[in-house]
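The values are calculated or read from the model by the stated rules, or taken from the named source; none is laboratory data. Because the structure is a prediction, the values reported are computed rather than measured. Here the Cβ is made from the backbone with ideal geometry for all residues, glycine too, and neighbour counts use every protein chain on show. Side chains are part of the model used for accessible areas, which takes the heavy atoms of the whole protein and leaves out ligands, DNA and RNA. Shrake-Rupley method; radii C 1.70, N 1.55, O 1.52, S 1.80 Å.
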Amino acid sequence: MFKPGQNFEELFSQIASANQSWFQNLLNHSGDNAANQPANPFLDMYQKFFDHTQSYLSSQNQFYQEQLAMWSKFCDMNQASVEAEQKKPADRRFADPDWEKNPFFSYLKQSYLSVSKQLFDFVSKSDMDDETKFRMEFFMRQYIDAISPSNFALTNPEVVKTMIDTHGKSLADGMRNMMDDVQNGYITMTDETQFEVGGNLASTPGAVVFRNELIELIQYTPTGDKIYEAPLLIVPPCINKYYILDLQESNSMVKYLVDQGYNVFLVSWKSADRSIKNFRWEEYANLGVIAALDSVRKITNKEKVNTLGYCVGGIILTTAAVILKHRGLDWINSMGHMTTMLDHTEPGDIKAFLDRDLMKLREAKKQTGGVMSGRIISQTFSALRANELVWNYWVNNYLLGKTPQKFDLLYWNNDTVDLPVPMHSFLMERLYLDNALVKGELAIDGHKIDLSVLDFPIYLFAAQKDHIVPWTSAYKSTWYIKNANIRFVLGASGHTAGVVNPVTTDKRNYWVNDQLVEDPAAWFHNATEMPGSWWKDMSQWYAELSGKQVKAPKLGSKDFPPLEVAPGGFVKARALSIIEAETA
């Protein structure tokens with residue numbers, strides 16, 4: 001018991017010791033069955049944390065003192081404390097002024113932030129290996145983000161005021177929004193009534209000139225009388241729909257390249273269903289990239305094709321290029337990568353989801369085939385930035401009852417694509433977990449994938465704030481493609497906004513440096529910052545490799561007549577629901 005005259009530090013030490021005793025009793029109680037239970041990393045973390053008594057007591061004392069200071073502030077709120085809070089870095093969750101001015105909400109916010117810091121201390125000060133600690137920090141972040149007082153109606157001042165001002169209509173509208181999203185199977189991020197694929201999205205004129213069971217090949221209509229002699233084939237990622245590169249006219253990379261005089265072809269991947277549920281990486285390389293290259297060559301009557309891959313599309317393109325080399329087929333004139341990672345040693349935050357035991361649970365389905373829901377893949381990527389891509393819309397749509405703003409990129413983000421389980425498992429296991437591509441341990445179609453055989457010019461683009469393909473990991477591709485003339489360019493922003501940086505606005509910036517030293521940090525230190533969109537740099541690079549200007553042809557050819565107008569049928573197909581995918 002606390003006695004008069006006893007200082008607060010002694011009190012906090014007593015409370016901390018009591019907590020430690022309580023937790024030790026919990027460990028003792030669960031120890032009898034420990035041999036029969038799977039390892040519990042969180043229990044192990046807390047035990048190791050408590051074992052470091054001094055560190056534990058210091059952390060607990062600081063936590064309790066912070067709580068006491070906040071309670072004191074709650075009881076005596078004054079303008080000076082408000083001004084002090086306003087000087088702290090902005091947190092969009094707590095933008096409403098009442099989070100600072102109202103004593104109750106200010107205390108609630110500060111208490112939440114203090115508890116969050118305490119929980120992270122448990123992880124950061126635990127004696128665990130780096131990989132386990134990273135995963136635990138990640139999932140602790142998921143928990144902390146979820147319990148924020150801003151995510152609950154009665155503890156969010158903006159929600160309370162809106163509910164009063166609208167006489168409860170906001171909550172009714174929010175419930176309606178939630179029911180619509182339950183039926184759709186995902187959180188709406190934008191006003192989807194404002195967009196149509198083939199209408200104001202994916203609207204660059206063209207035609208499907210080839211189709212097989214996996215892809216549609218689109219050729220785009222030239223906008224001038226002449227085009228570059230060498231065709232350009234774009235390979236987008238198969239885990240998203242291609243029109244991230246052909247959004248609206250003002251921000252379409254496809255239209256920009258067509259306007260620059262390139263004869264542009266593009267692969268549109270089919271969303272997986274029962275008909276392709278057994279497809280492997282081999283099918284994506286052969287029926288996807290190589291079939292597209294073969295068709296482009298025959299349509300244009302050109303031996304070599306310039307190529308450009310985005311994200312996973314860049315990896316498929318790269319492996320297909322090596323396979324062609326092994327077959328003695330010199331079909332590729334040059335290759336570009338946009339935010340593509342060949343070395344998966346440091347894959348960014350996604351590594352929190354990489355679990356070999358979880359992969360083993362899918363082993364049977366990998367052998368028999370199946371469909372991996374694009375919704376699950378999308379939710380995984382959203383979880384990497386939960387506050388921005390989950391809880392922000394939870395509050396806006398459900399608690400405030402608002403309709404999200406019109407945003408083409410977010411419409412695309414929710415328009416998911418399903419993958420065959422064998423293909424997805426190969427990506428996760430052989431590339432992410434095993435990192436087999438750069439280790440020289442990967443074989444496709446019986447050919448060892450040796451990146452050193454690539455000897456044509458290569459353009460590598462990475463984005464500075466990319467959390468899916470960290471730019472330093474993308475830079476490492478320069479280590480392994482040793483016999484090619486490589487240009488590496490670093491752009492501002494993230495995985496999608498960094499790529500979709502149209503010349504029409506010409507904002508942001510990018511960095512160039514022809515000296516490809518081993519250390520990416522050293523490369524950046526000596527790089528030159530260039531204003532505006534990096535698309536201009538890429539276009540100039542391809543122009544030098546595209547030959548002379550020739551008369552613009554009609555779409556397709558005698559053997560490849562146009563089958564239907566762009567954007568074709570594959571891109572308009574809706575992905576299966578999670579339940580449908582599981583039963584496919």
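Summary table below
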item: Residue, farthest from Val254 (Cα to Cα), within segment 527-541, restricted to residues that are assigned to a loop (DSSP other than H, G, I, E, B) and not aliphatic (A, V, I, L, M); result: Gly532
item: Residue among Leu516, Leu576 that is outside any strand (DSSP E or B) and over 24 Å from the mean Cα position of the chain (by Cα); result: Leu516
item: Any hit, segment 416-432, residues being over 25 Å from the mean Cα position of the chain (by Cα) and of a type in the set (Asp, Glu); result: no
item: Which listed residue, of Lys476, Lys465, Lys558, is free of Cβ contacts under 8 Å to residues at least 24 places away in the same chain, out of contact with any Lys or Arg (no Cβ under 6 Å at 6 or more places or on another chain) and basic (Lys, Arg); result: Lys558
item: Single condition Ile449 does not satisfy, out of (1) closer than 27 Å to Lys304 by Cβ; (2) within 25 Å of the chain's Cα centre (by Cα); (3) open to solvent by less than 20 Å² (accessible area, probe 1.4 Å); result: (2)
item: Single residue of segment 190-220 satisfying the filter (touching a helix residue (DSSP H, G or I) at 6+ places or on another chain (Cβ under 7 Å) and either among the charged types (D, E, K, R) or part of a helix (DSSP H, G or I) (or both)) that is farthest from Lys558 (Cα to Cα); result: Glu192
item: Selection status of Leu113, modelled with pLDDT of 80 or more, open to solvent by 20 Å² or more (accessible area, probe 1.4 Å), closer than 23 Å to Thr162 by Cβ and in a helix (DSSP H, G or I); result: no
item: Evaluation of Lys406 against (1) charged (D, E, K, R); (2) at pLDDT 95 or above; (3) within 30 Å of Asp165 (Cβ to Cβ) (one fails), failing number; result: (2)
item: Among residues of segment 150-189, those that are assigned to a helix (DSSP H, G or I) and of a type in the set (Ser, Thr, Tyr), counted; result: 4
item: Counted residues, segment 400-409 - those being in a helix (DSSP H, G or I) and either open to solvent by 20 Å² or more (accessible area, probe 1.4 Å) or small (Gly, Ala, Ser) (or both); result: 1
item: Helices (runs of 4 or more DSSP H) fully within segment 244-347 counting 2 or more residues that are under 21 Å from Ala443 (Cβ atoms), in contact (Cβ under 8 Å) with a residue 24 or more places away in the chain and open to solvent by 30 Å² or more (accessible area, probe 1.4 Å); result: 312-326
item: Scope segment 126-147; condition within 20 Å of the chain's Cα centre (by Cα) and of a type in the set (Gly, Ala, Ser); matching residues; result: Ala146
item: Residue under evaluation Thr223, criteria (1) over 21 Å from Ala573 (Cβ atoms); (2) touching a helix residue (DSSP H, G or I) at 6+ places or on another chain (Cβ under 6 Å); (3) open to solvent by less than 50 Å² (accessible area, probe 1.4 Å), criterion not met; result: (3)
item: Residue match in segment 420-435 (condition: on the phi > 0 side of the Ramachandran plot and open to solvent by less than 40 Å² (accessible area, probe 1.4 Å)); result: yes
item: Filtered residue count, segment 375-394, keeping only those that are open to solvent by 50 Å² or more (accessible area, probe 1.4 Å) and in contact with an Asp or Glu (Cβ under 7 Å, 6 or more places away or on another chain); result: 1
item: Pair list, Cβ < 6 Å and 6+ apart or interchain, from segment 160-187 residues that are surrounded by 14 or more Cβ atoms within 10 Å (Cβ to Cβ) to residues that are outside any helix (DSSP H, G or I); result: Thr162/Leu400; Ser170/Leu400; Ser170/Gly401; Asp173/Gly401; Gly174/Gly401; Asp181/Ile187; Asp181/Thr188; Gly185/Ser577
item: Residue tally, condition in a helix (DSSP H, G or I) and open to solvent by less than 50 Å² (accessible area, probe 1.4 Å), over segment 92-102; result: 4
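Each row is one residue, and each column tells you yes or no for (1) closer than 30 Å to Glu213 by Cβ; (2) in contact (Cβ under 8 Å) with a residue 24 or more places away in the chain; (3) small (Gly, Ala, Ser); (4) touching a His at 6+ places or on another chain (Cβ under 9 Å).
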{"position": "Thr496", "(1), (2), (3), (4)": "yes, yes, no, no"}
{"position": "Asp506", "(1), (2), (3), (4)": "no, yes, no, no"}
{"position": "Trp534", "(1), (2), (3), (4)": "no, yes, no, no"}
{"position": "Ala552", "(1), (2), (3), (4)": "no, yes, yes, no"}
{"position": "Gly569", "(1), (2), (3), (4)": "yes, yes, yes, no"}
